[in-house]
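Novice: I have a structure I would like to understand better, so I am pasting it below and will then ask my questions one at a time.
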Amino acid sequence: MKDKGFTLIELLAVIVILAIIALIAVPIIIDIIEDSKKEALKRSAENYLKAVELAIAKENLNGEFNPNSCSITSGNVICGSKPLTVTVDGELPDSGTIKLQDGTIQRTSETFLTYNDKDTLTYDGNNKLIFGEAKAPQPQEKYGYMWNTGSYVIGPSINGDGSSLETTLPDDKTYYLKYKLDNSNIVTNTYACVKFNGTEERCLEGGSADTYGWVTDKTDSTGQVEKLYEIEQKGISGVSCYSSSNGSYCSDDSVDLNANSAGNVSGNDHIGRCVVDGVGISRCESF
């Protein structure tokens, strides 16, 4: 009686079948593992951002704490000059940037975290995490500036009649005109701006009389008065504000930011000023 066994053909058939199964199954298993890693990383990012918001909220209980952005190094968060202690279960990001507004994380494509050597996690405009490479930055708003004697009107291109406009602002300028530009460098909005304490930029947009927005109770004000009231509420060091039915201003004794009931706005340093009037004509001049 002969012993029964597999023939070479049968063994080869089994090996081929196993190879086919492996060829199909291995990528699926790898994808499942990768998806699990991605989901775990997403949860880590979400938990981390919540922990950052909680740390900022705790700081706000002790006084004003309103940085524009926070940087991250090995899990340590620095907002302005203030280091924050962030504790959270899960992985800490190795590096990244978190954009903030009034102490709240803005979950946009500008918010990104890099977890060690892993891919970047990016938020889209719908508060959803995108796993993969960081999205291309959104087009940034473009501005032109003027601080020298002269005048300008909304409409012409910065490369046309607006040749006097500069695309960058020197650090030593404490009052100036700021022009918002569209993609064709056409001026769309004009602002009178100052830098309180040499660093805190605040701007007002000129307009008609009804943009002044005065009411007896400043908490119910609109338009330019509301913007000045917001500056007052921020409690910027050395800055005081005054409001009335005819005119309002905020000042740090070096520069003033003004608005009046005709809708005109201006910034000045008591030697010269830059003005935007109610019909959009702007100018800088010496007193």
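Novice: Has the range 150-165 got at least one residue that is at pLDDT below 80, aromatic (Phe, Trp, Tyr) and closer than 26 Å to residue 271 by Cβ?
Specialist: Checked the range 150-165: at least one residue is at pLDDT below 80, aromatic (Phe, Trp, Tyr) and closer than 26 Å to residue 271 by Cβ.
Novice: What number of residues within the range 229-274 satisfy the criterion of being in contact (Cβ under 8 Å) with a residue 24 or more places away in the chain and not in a strand (DSSP E or B)?
Specialist: Matching residues across the range 229-274 total 18.
Novice: Only residues that are touching a strand residue (DSSP E or B) at 6+ places or on another chain (Cβ under 6 Å) and hydrophobic (A, V, I, L, M, F, W, C): list them for the range 192-245, please.
Specialist: Residues satisfying the conditions are 192, 193, 194, 203, 204, 225, 228, 231, 236, 239, 241.
Novice: A further question follows. Out of the residues in the range 248-270 that are open to solvent by 20 Å² or more (accessible area, probe 1.4 Å) and of a type in the set (Gly, Ala, Ser), state the one that is farthest from residue 210 (Cα to Cα).
Specialist: 254
Novice: Let me ask something additional. Would you mind finding the one in 96, 103, 90 that is open to solvent by less than 40 Å² (accessible area, probe 1.4 Å), in contact with a helix residue (DSSP H, G or I) (Cβ under 9 Å, 6 or more places away or on another chain) and at pLDDT below 80?
Specialist: 103
Novice: Looking at (1) in a helix (DSSP H, G or I); (2) touching a residue at least 40 places away in the same chain (Cβ under 8 Å), which is the one condition that is false for residue 177?
Specialist: Against the list (1) in a helix (DSSP H, G or I); (2) touching a residue at least 40 places away in the same chain (Cβ under 8 Å), residue 177 comes up short only on (1).
Novice: Every residue in the range 26-53 that is surrounded by 15 or more Cβ atoms within 10 Å (Cβ to Cβ) and of a type in the set (Gly, Ala, Ser), please.
Specialist: Scanning the range 26-53 gives 44, 45, 51.
The values are calculated or read from the model by the stated rules, or taken from the named source; none is laboratory data. Please read all numbers here as calculations on a predicted model, not as lab measurements. A quick note on method: Cβ atoms are made from the backbone with ideal geometry, for glycine too, and the neighbour counts reach across all protein chains shown. Quick note on the areas: whole protein, heavy atoms, side chains included, nothing else; ligands and nucleic acids left out. Shrake-Rupley method; radii C 1.70, N 1.55, O 1.52, S 1.80 Å.
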